[in-house]
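Undergrad: The following block contains the structure, expressed as structure tokens.
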Amino acid sequence: MANILIPISNGFEEIEAISIIDVCRRANIKVTIAGVESLEITGAHGIKIISDEKIENISSDDFDMIVLPGGLPNAFTLAENEKVQSLLKEFKEKKKKIGAICAAPYALYKAEVLNENYTCYPSFEKKIKENGYHKKDAIVIDNDVITSQGPATAMAFALEIVNLLCEKEIYNSVKDGLLAKDY
């Protein structure tokens, strides 16, 4: 069973975080939500989540992938948090999968783990790097790094994570159960 880590801080984008958590759990991927400021985290639109663990207690050895939802100020907090930045670098060094959506590719950029090709929330590429930015692609996979644009692409992004980590029959079953079309 695959195991993914989702670090979140106050101001996370709820649609992105919940879509990733829900879709991955439907595929029997173990999801651990790690709170950066505390165990109870409040999203950008006032929805509260109780994290499974504090980020300080997390080891990259326990996970196959790290996935960062966007939202503000969450993306900036993840980009400035020493533990999150350290984990991102460890995942890259160990050739483990890394994902980020919306504004969160900024945290990958700050950790120097963002590959050449990526996408993000439109206009955020100006804070990251315009070279390699894919404006029209909802999802970009560049080796072990997967990025996506934002709330409307969250379901497809989550399904692509399932596709990367699970067998094709699990991916198809989850996709069909969600009534998702090909994107």
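The values are calculated or read from the model by the stated rules, or taken from the named source; none is laboratory data. What you are looking at is a predicted structure, and each value in this text was computed from that prediction instead of being measured. Here the Cβ positions follow ideal geometry from the backbone for every residue, glycine too, while neighbour counts run over all protein chains shown. Surface areas here come from the heavy atoms of the whole protein model, side chains and all, with no ligands, DNA or RNA. Shrake-Rupley method; radii C 1.70, N 1.55, O 1.52, S 1.80 Å.
Undergrad: Roughly speaking, what is the centre-to-centre gap between segment 144-183 and segment 16-60 when only Cα atoms are used, to the nearest Å?
TA: Cα centroid to Cα centroid, the span is 18 Å.
Undergrad: Given a Förster distance of 41 angstrom, what is the FRET efficiency for residue 179 paired with residue 82, based on the Cβ-Cβ distance and rounded to 0.05?
TA: Once the sixth-power term is evaluated, E becomes 0.50.
Undergrad: Here's another thing I want to ask about it. Counting heavy atoms of the protein chains only and a 1.4 Å probe, report the per residue accessible area for the chain as a whole number of Å².
TA: With all protein chains present, the chain gives 46 Å² per residue.
Undergrad: Between 124, 102, 140, whose Cα lies farthest towards the positive end of the dipole of segment 1-149 when Lys and Arg beta carbons carry +1 and Asp and Glu beta carbons carry -1, centred on the Cα centre?
TA: Towards the positive end, the residue furthest out is 140.
Undergrad: Separation between the residue 38 and residue 135 pseudo-spin-labels, each 7 Å from Cα along Cα→Cβ, expressed in nm?
TA: 4.2 nm
Undergrad: Could you check the simple spin-label distance between residue 167 and residue 56, using points 7 Å along Cα→Cβ, in nm with one decimal?
TA: About 4.2 nm separates the two model spin labels.
Undergrad: Can you give the accessible area of residue 62 in Å² (nearest 10), computed on protein heavy atoms with a 1.4 Å probe?
TA: Estimated to the nearest 10 Å², residue 62 gives 90 Å².
Undergrad: Next up: Could you please report the charge total around residue 109, scoring K, R as +1 and D, E as -1 over all other residues with beta-carbon less than 11 angstrom from its beta-carbon?
TA: Computed value for this residue: +1.
Undergrad: Using a 1.4 Å probe on the protein heavy atoms, what percent of the accessible area of the chain belongs to carbon and sulfur?
TA: Here it works out to 48 percent.
Undergrad: Have a look at the DSSP beta bridges in the chain and tell me what percent are antiparallel, nearest 5.
TA: Expressed as a percentage, antiparallel bridges in the chain total about 25.
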